[in-house]
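Have a look at the structure below before the remarks.
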Amino acid sequence: MELKAQSQQYLTPDEEKAMVKFLLLMSSFGHPVRIKYIPSLAFSIARRRSTVIKPIKPPGKNWARAFERRHKELKARKVRAIDWKRHENNIYPKI
């Protein structure tokens with residue numbers, strides 16, 4: 001059953017590992033990728049193995065959430081807005 005599920009996945013296991021590694025790297029650099037853009041990244045990965053005979057379709061609308069559930073090391077978090085009051089308190093004395 002697990003082999004059948006892997007064969008039906010949009011990305012191969014190696015491609016998924018590479019994508020997880022990329023997402024964690026971007027997050028460590030301080031630029032977390034929004035879950036909204038993950039399907040377009042997956043589509044660009046999948047297009048590389050596409051053939052002329054059988055073109056690749058983009059992933060479904062729930063694919064990104066399923067990808068997040070499969071890979072527990074990816075944590076979704078909310079990024080808080082920068083406080084506007086920080087400017088006068090912290091910036092001017094440093095100048």
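Some observations on this one:
- Karplus (6.51, -1.76, 1.60) ³J(HN,Hα), θ = phi - 60°, over the range 36-42, in Hz, Gly and Pro reported as x: 5, 9, 5, x, 5, 5, 5
- The phi-based Karplus calculation (6.51 cos²θ - 1.76 cosθ + 1.60; θ = phi - 60°) puts the 3J(HN,Hα) values of the range 18-24 at 5, 5, 4, 4, 5, 5, 5 Hz, whole numbers, x for Gly and Pro.
- In the range 1-77, GluC sites (Glu not before Pro) in a DSSP loop with at most 16 other beta-carbon atoms within 10 Å: E73
- Other residues with beta-carbon under 12 Å from the beta-carbon of S40 carry, at +1 per Lys or Arg and -1 per Asp or Glu, a net charge of +3.
- For the range 1-55, the list of chymotrypsin sites (Phe, Trp or Tyr not before Pro) that fall in a loop by DSSP and count at most 13 other C-beta atoms within 10 angstrom reads F29.
- With viscosity 1.002 mPa s and temperature 20 °C, the Kirkwood radius over alpha carbon pairs of the range 1-78 converts through Stokes-Einstein to a diffusion coefficient of 160 µm²/s.
- Computed lengthening from A18 to K75, 0.36 nm per intervening residue step minus Cα-Cα distance: 18.9 nm
- Computed over the range 1-78: relative contact order in percent, which uses C-alpha pairs under 8 Å that are six or more apart: 28 percent
- Exposure rank, largest accessible area first [H31, H71; 1.4 Å]: H31, H71
The values are calculated or read from the model by the stated rules, or taken from the named source; none is laboratory data. All values reported here derive from a predicted model rather than from experimental measurement. Here the Cβ is made from the backbone with ideal geometry for all residues, glycine too, and neighbour counts use every protein chain on show. Side chains included, ligands, DNA and RNA excluded: accessible areas come from the protein's heavy atoms. Shrake-Rupley method; radii C 1.70, N 1.55, O 1.52, S 1.80 Å.
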